[in-house]
Amino acid sequence: MEINDLRIIVTVLGFACFLGICAWAYSRHAKTGFDEAARLPLTDDDLPVSNGRLEKEGKTNG
């Protein structure tokens, strides 16, 4: 087997993996997970932000 045969095999396997990932990303099975992840920034169940370090240090600038 020559180096060019190995290059062809790697290229074909890489392309097959690419097509598999594309098929998975556009499948109905993955759609529900992607829709849920897309709505995450819009949810209002975040905890309030505290000043953590500033509260412990007395809120001074020096």
With DNA, RNA and ligands ignored, accessible area of Leu40 (1.4 Å probe; Å², nearest 10):
110
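Using a 1.4 angstrom probe with every protein chain in place, what is the largest-first accessible-area order of Cys22, Cys17? Numbers along the way, then the final one.
Working: Cys22 45, Cys17 85 Å².
Greatest to least solvent exposure: Cys17, Cys22.
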If you stretched the chain out fully between Leu6 and Trp24, how much longer would it get, using 0.36 nm times the residue separation minus the C-alpha to C-alpha distance?
3.8 nm
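The values are calculated or read from the model by the stated rules, or taken from the named source; none is laboratory data. None of these values were measured; they are calculated from a predicted model. Areas reflect the complete protein model, heavy atoms only, side chains present, ligands, DNA and RNA absent. Shrake-Rupley method; radii C 1.70, N 1.55, O 1.52, S 1.80 Å.
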